[in-house]
1. Condition first: assigned to a helix (DSSP H, G or I), within 14 Å of chain B (Cβ to nearest Cβ) and not hydroxyl-bearing (Ser, Thr, Tyr). Now tell me which residues in region A:17-38 satisfy that.
2. Which one of the conditions (1) out of contact with any helix residue (DSSP H, G or I) (no Cβ under 7 Å at 6 or more places or on another chain); (2) assigned to a loop (DSSP other than H, G, I, E, B); (3) modelled with pLDDT of 80 or more; (4) of a type outside the set (Ser, Thr, Tyr) does residue B:259 fail to meet, given that it meets all the rest?
3. From the list B:188, B:176, B:203, pick out the single residue that is at pLDDT 75 or above, buried (at least 17 other Cβ atoms within 10 Å of the Cβ) and assigned to a helix (DSSP H, G or I).
4. Does any residue of region B:324-343 turn out to be out of contact with any strand residue (DSSP E or B) (no Cβ under 7 Å at 6 or more places or on another chain) and under 23 Å from residue B:183 (Cα atoms)?
5. Would you confirm whether or not region A:127-145 contains a residue that is more than 14 Å from chain B (Cβ to nearest Cβ), on the phi < 0 side of the Ramachandran plot, touching a Phe, Trp or Tyr at 6+ places or on another chain (Cβ under 6 Å) and surrounded by 21 or more Cβ atoms within 10 Å (Cβ to Cβ)?
6. Taking the stated definitions as given, is residue A:95 within 11 Å of the chain's Cα centre (by Cα) and more than 14 Å from chain B (Cβ to nearest Cβ)?
7. Just to verify a result, which residue in region A:106-124, among those that are away from chain B (no Cβ under 14 Å) and among the aliphatic types (A, V, I, L, M), is surrounded by the most Cβ atoms within 10 Å (Cβ to Cβ)?
8. With respect to residue A:90, determine if the residue is within 30 Å of residue A:63 (Cα to Cα) and within 16 Å of the chain's Cα centre (by Cα).
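The values are calculated or read from the model by the stated rules, or taken from the named source; none is laboratory data. In this text the structure is predicted, and so the values were computed from the model without any measurement. Cβ: placed from backbone, ideal geometry, glycine included. Neighbour counts: every protein chain shown.
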Amino acid sequence: MAIALSVCGAAWGIFTTGTSILGGGVKVPRIKTKNLISIILCEAVAIYGIIIAIVLGNLLEDFDFYNASWEVTAANYYGGYSMFGAGLTVGFSNLFCGIAVGIVGSGAALADAQNPTLFVKILIAEIFASAVGLFGVIVAIILVTKVKMGKSASI
Amino acid sequence: MDSLSFNINGGYLEGIVRGFKSGILKRTDYLNLVQCETLDDLKLHLQSTDYGNFLANEPSPLSVSVIDDKLREKLVSEFEYLRNHSVEPLSTFLDYIRYSYMIDNIVLLITGTLHQRHISELIPKCHPLGSFEQMEAIHVASTPAELYNAVLVDTPLAPYFIDCISEHDLDEMNIEIIRNTLYKAYLEDFHSFCKNIGGTTAEAMCEILAFEADRRAFIITINSFGTELSKDDRAKLYPRCGKLFPDGLSQLARADEYEQVRQVAENYGGYRTLFEGAGTNPGDKTLEDKFFEHEVKLNVNAFMQQFHFGVFYAYIKLKEQECRNIVWISECVAQRHRAKIDSYIPIF
């Protein structure tokens, strides 16, 4: 879920910003390079998703359901739910973060076309939008540090 | 949630329209233009703006009608670009903008035909944005009823004819009444279309269209004083999509003179200020000028929001206003009558 939703968010953001940059760039070609920053911020959102997906993937371990003690089973269940929660957190927060960065980025492109001094100011707003995705990743990392799976797990 | 999906189909065109909008002449440009002594000077100044060399191939001496035609051509080419790149529902929206020009063209052609002018004289006078395929065929019909059956029923304006004019009426009615009835049907249709789109487009457009409806109601009322238009007929011409509906419109229908119209406007905050400054003294602006100013203000406001179709409509109207301004200034320059050269309406 993590990577699927994050990538959806990033893609959404990129198309929102991209079309505005294209349209604005017809009359005002100088905005092209500066506005690629917005696209890069959107891409970062997708990267967060893939980081979490790899971390979660590495935590998966085999365990013997029938011979395991009660504590090991409980620890593994806890780990499973925790990982699911982390994945959803990252997924949804990146989805909305990507959309938000896209909308702000499109506004930034059009404002930059009219008045170059505005670009940096709108970029600050975009950085806050990006921070939303970062929060999601931080919370997910906190959740997965407690996960212990496998035969020797215990709460 | 307009902003989420608007950019899929509309993002590129919105970027282009905003680019066009930044090319609209500013106050400093107008200040340069009013300083010109001849039309060639004007052409030189226009070269440094977004217009570039649009007058480059014209032989001098320039005339104001040539400038007017070229300005209009530029607007038409920009509009065609936007229209060709658009998809639904933006393409329907742009078509609606065209219908108002079509109504003007049809009325022009009908008048011309009734006065026995040849079709080839009339076609160049038509506004290019409002051209449609059956234009050439209009001279075939000799009465309005035939005209409707043969030609107009295929155009997109046919529903406006059906709603309000029967065949019998077409023969009897004065051409101006036909024009106003058509325009009323068009405006109400456009208004409900924008409402159906909903979201920010509805907000922005309905504001602009409501003002247009009210402005037409005022102008019809004021122009009908002293003519033989009966009050009932007048009431039938008022578009119902503005803020004046229903109370203001019924009061306007009963009005007999300018003062009463003013009283009606007093009740509506936005319109009271428009009537206050207007008058026919030499130093004042006329009521028409005030209406134009207010329209420009509403159109500029449409650009304050992103992700809606209002920017396209607003851009076309502002460009038209700019054409009117440039033509006014050129006339003043050409006739060397600089007294009222400052009566253009600055946009930005």
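1. Once the filter is applied, which keeps residues that are assigned to a helix (DSSP H, G or I), within 14 Å of chain B (Cβ to nearest Cβ) and not hydroxyl-bearing (Ser, Thr, Tyr), region A:17-38 yields A:18, A:21, A:22, A:23, A:24, A:25, A:26, A:27, A:31, A:32, A:35.
2. Result: residue B:259 passes all but (2).
3. B:188
4. The answer is yes; a qualifying residue exists.
5. Within region A:127-145, one or more residues are more than 14 Å from chain B (Cβ to nearest Cβ), on the phi < 0 side of the Ramachandran plot, touching a Phe, Trp or Tyr at 6+ places or on another chain (Cβ under 6 Å) and surrounded by 21 or more Cβ atoms within 10 Å (Cβ to Cβ).
6. No: the conditions fail for residue A:95.
7. Filtering region A:106-124 for residues that are away from chain B (no Cβ under 14 Å) and among the aliphatic types (A, V, I, L, M), the one surrounded by the most Cβ atoms within 10 Å (Cβ to Cβ) comes out as A:123.
8. So residue A:90 fits the description; yes.
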